[in-house]
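Asker: Got a structure for you, written out below as structure tokens; questions coming shortly.
The values are calculated or read from the model by the stated rules, or taken from the named source; none is laboratory data. On a predicted model such as this, the values are computed, not experimentally measured, just so you know. Cβ coordinates were reconstructed from backbone atoms using ideal geometry, including for glycine residues, and neighbour counts include every protein chain displayed.
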């Protein structure tokens, strides 16, 4: 029979490695971390436990992807994301997490299916712009605060810009590093960070860091077209799971 500690490690180690891979340049896989860890601990506790791992992994991701950042995107997205995190903090006890999860899943699913069904066609580039960037930045900050699921709305805004693979990975890593750092204060205020969690984090950090460098290596060797195709496919799979999880949660309310 598997002990409680063993069961926790069997879920927490893969979750931490997925966080690391996401910071290494494969952003979508990080969204699987909370659901995996939630198999053995309550979802809210899982989100709080993983946040410090996101932050530490961000530091290594920033070092690896610091050179080709799209500054214009960051200048537009970050203010919106900060507002979104603040909104998430303000409505933390009001808005059902399952409703947010369902909406995020539906947004990501609609976008990814559109991209998959028209894959191979030439698409006009949509450069970064302030109104859309502030809106999607706010949505990303809000959904990232509620359930660490900010990647779908972020990609709805960034993917149509046709950034290079390195610029996409760099901008994504820097942007979410800022968002995760901002989330630390409200998470602490809401009691989702604790000394007990931090003890577990120390055990998991080496796995996350090793996976971060593995993610950097994989991102650099995967061809550009395949990289973005995998990103869209992963977005579709994760978004479908989010939509299903959100719908199931609302049905059981």
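Asker: Take the residues in segment 42-65 that are without any contact (Cβ under 8 Å) to a residue 40 or more places away in the chain and part of a helix (DSSP H, G or I); name whichever of them is surrounded by the fewest Cβ atoms within 10 Å (Cβ to Cβ).
Answerer: So in segment 42-65, the residues without any contact (Cβ under 8 Å) to a residue 40 or more places away in the chain come out as 42, 46, 63.
Checking the rest, the ones that are also part of a helix (DSSP H, G or I) come to 46, 63.
Details: 46: 24, 63: 12.
Going through the qualifying residues, I end up with 63.
Asker: Look through segment 88-111, keep the residues that are touching a residue at least 12 places away in the same chain (Cβ under 8 Å) and over 18 Å from the mean Cα position of the chain (by Cα), and return whichever of them is surrounded by the most Cβ atoms within 10 Å (Cβ to Cβ).
Answerer: Initially, segment 88-111 is screened for residues touching a residue at least 12 places away in the same chain (Cβ under 8 Å), giving 88-89, 92, 95-109, 111.
Remaining after also requiring over 18 Å from the mean Cα position of the chain (by Cα): 92, 95-96.
Numbers: 92: 16, 95: 14, 96: 13.
Per the criteria, the residue is 92.
Asker: Continuing with this model, one more query. Just give me the residues in segment 42-60 being modelled with pLDDT of 80 or more and closer than 29 Å to residue 92 by Cα, in sequence order.
Answerer: First, the residues of segment 42-60 that are modelled with pLDDT of 80 or more: 49-60.
Passing the criteria: 49, 50, 51, 52, 53, 54, 55, 56, 57, 58, 59.
Asker: Identify the single condition in (1) surrounded by fewer than 16 Cβ atoms within 10 Å (Cβ to Cβ); (2) without any contact (Cβ under 8 Å) to a residue 24 or more places away in the chain that residue 39 does not satisfy, given that it satisfies every other one.
Answerer: Just one mismatch for residue 39, condition (2).
Asker: Could you check segment 66-87 and list, in sequence order, the residues that are exposed (fewer than 15 other Cβ atoms within 10 Å of the Cβ) and under 24 Å from residue 216 (Cβ atoms)?
Answerer: Our first condition is that a residue be exposed (fewer than 15 other Cβ atoms within 10 Å of the Cβ); within segment 66-87, this holds for 66-68, 71, 75.
Matches in segment 66-87: 66, 67, 68, 71.
Asker: Assess whether residue 226 counts as being in a helix (DSSP H, G or I) and in contact (Cβ under 8 Å) with a residue 12 or more places away in the chain.
Answerer: Numbers: in a helix (DSSP H, G or I): yes; in contact (Cβ under 8 Å) with a residue 12 or more places away in the chain: no.
No.
Asker: Taking segment 112-130 only, how many residues are over 18 Å from residue 175 (Cβ atoms) and either free of Cβ contacts under 8 Å to residues at least 40 places away in the same chain or assigned to a helix (DSSP H, G or I) (or both)? Before you say what the answer is, go through the steps one by one.
Answerer: First, the residues of segment 112-130 that are over 18 Å from residue 175 (Cβ atoms): 112-125.
Then keep just the ones that are either free of Cβ contacts under 8 Å to residues at least 40 places away in the same chain or assigned to a helix (DSSP H, G or I) (or both); that gives 112-118, 120-125.
Count: 13.
Asker: Determine if segment 141-159 includes at least one residue that is in contact (Cβ under 8 Å) with a residue 24 or more places away in the chain, over 22 Å from residue 239 (Cα atoms) and part of a helix (DSSP H, G or I).
Answerer: We begin by selecting, within segment 141-159, every residue in contact (Cβ under 8 Å) with a residue 24 or more places away in the chain; these are 141-159.
Then keep just the ones that are over 22 Å from residue 239 (Cα atoms); that gives none.
The answer is no, given that none of the residues of segment 141-159 is in contact (Cβ under 8 Å) with a residue 24 or more places away in the chain, over 22 Å from residue 239 (Cα atoms) and part of a helix (DSSP H, G or I).
Asker: Consider residue 186 carefully, then state whether it is at pLDDT below 85, in contact with a helix residue (DSSP H, G or I) (Cβ under 7 Å, 6 or more places away or on another chain) and part of a helix (DSSP H, G or I). Reasoning before the result, please.
Answerer: On the way: at pLDDT below 85: no; in contact with a helix residue (DSSP H, G or I) (Cβ under 7 Å, 6 or more places away or on another chain): yes; part of a helix (DSSP H, G or I): yes.
No: the conditions fail for residue 186.
Asker: Quick check, is residue 25 assigned to a helix (DSSP H, G or I), in contact with a helix residue (DSSP H, G or I) (Cβ under 9 Å, 6 or more places away or on another chain) and in contact (Cβ under 8 Å) with a residue 60 or more places away in the chain?
Answerer: Details: assigned to a helix (DSSP H, G or I): no; in contact with a helix residue (DSSP H, G or I) (Cβ under 9 Å, 6 or more places away or on another chain): yes; in contact (Cβ under 8 Å) with a residue 60 or more places away in the chain: yes.
Against the criterion (assigned to a helix (DSSP H, G or I), in contact with a helix residue (DSSP H, G or I) (Cβ under 9 Å, 6 or more places away or on another chain) and in contact (Cβ under 8 Å) with a residue 60 or more places away in the chain), residue 25 does not qualify.
Asker: Here's another thing I want to ask about it. So for segment 75-87 (the condition being at pLDDT below 85 and touching a helix residue (DSSP H, G or I) at 6+ places or on another chain (Cβ under 9 Å)), does at least one residue qualify?
Answerer: To start, the set of residues in segment 75-87 that are at pLDDT below 85 comprises none.
Looking through segment 75-87, none of the residues is at pLDDT below 85 and touching a helix residue (DSSP H, G or I) at 6+ places or on another chain (Cβ under 9 Å).
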